[in-house]
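Read-outs: derived from the displayed coordinates by stated rules, not from any lab. Given the structure is predicted, the values throughout are model-derived calculations rather than measurements. Positions of Cβ are backbone-derived with ideal geometry, glycine not excepted, and every protein chain shown enters the neighbour counts.
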Amino acid sequence: MLMLLAGAAGLALAALALYAATRPDQFRIERSLRIAAPPERVFPLINDLHGFNTWNPFARKDPNLQGSYSGPASGPGARYAWQGNKDVGRGSMEILNATASSQVAMRLDFIEPFEAHNLVDFTLVPEGGATTVTWAMHGPAPFVSKLMGIFFPMERMVGPDFEAGLATLKALAEKP
């Protein structure tokens with residue numbers, strides 16, 4: 001009986017591993033929100049990492065977060081490194097590219113609680129006096145990520161944080 005249970009457990013684990021191996025090698029998560037402010041008002045809140053961290057939902061998860069800025073104040077080369085609790089871990093971000101009032105691209109490197117290297121893109125599309133902001137993150141999905149994703153999908157883990165962050169960005173940008 002014990003051998004039968006061990007065999008069934010092994011078969012289930014093998015099936016799970018095979019299923020995980022069929023998952024995509026890349027992931028992408030994105031959320032968009034319309035903000036009643038022109039791109040020129042929204043862009044500095046993303047392109048300057050000091051401004052970014054006034055609405056960054058991940059920075060709000062740890063009131064004792066330790067962070068440091070380096071490089072230029074904004075735009076390409078601006079960097080922010082952090083170390084925090086289990087909810088935010090340790091890592092860094094750097095602005096790679098920015099096009100005034102329309103796009104900011106960042107590299108996001110996590111060290112803890114797990115290592116990951118992703119790209120983040122913010123696009124700002126003007127719509128009359130408003131702006132639609134899209135926040136996207138994409139990167140590789142190694143086998144361990146695929147396996148974890150079966151039980152903890154990235155969409156459910158990160159998507160709500162993107163939505164909360166965009167809502168806070170909206171509130172800041174729409175202030176008179």
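Tabulated data for the structure shown
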{"read-out": "Per DSSP, loop chymotrypsin sites (Phe, Trp or Tyr not before Pro) in the range 20-124 with at most 15 further Cβ within 10 Å", "value": "PHE114"}
{"read-out": "Where the Cα pairs of the chain fall when distances are cut into 10 Å bins, in %", "value": "10, 33, 31, 15, 7, 4, 1, 0"}
{"read-out": "Given charges at beta-carbon only (K, R positive; D, E negative), |dipole| of the chain in Debye", "value": "200 debye"}
{"read-out": "The range 26-173: relative contact order in percent, alpha carbon pairs under 8 Å with at least 6 residues between", "value": "31 percent"}
{"read-out": "Enclosed volume per residue, in Å³, of the convex hull spanned by Cα atoms of the range 74-176", "value": "122 Å³"}
{"read-out": "Simple label model, 7 Å out from Cα along Cβ direction - ALA73 to LEU108, nm", "value": "2.6 nm"}
{"read-out": "Simple label model, 7 Å out from Cα along Cβ direction - ARG23 to LEU4, nm", "value": "3.3 nm"}
{"read-out": "The range 86-127: trypsin sites (Lys or Arg not before Pro) falling in loop per DSSP and having at most 12 other Cβ within 10 Å", "value": "LYS86"}
{"read-out": "Cut-off under 5 Å, modelled amide H: who pairs with PHE27 long-range", "value": "GLY139, ALA141"}
{"read-out": "At least 18 Å along the helix axis (C-alpha) and Kyte average at least 1.6, DSSP helices within the chain", "value": "2-21"}
{"read-out": "Karplus-derived HN-Hα couplings along the range 29-38 (A = 6.51, B = -1.76, C = 1.60, θ = phi - 60°), whole Hz, x at Gly and Pro", "value": "10, 8, 9, 10, 8, 8, 10, 7, 7, x"}
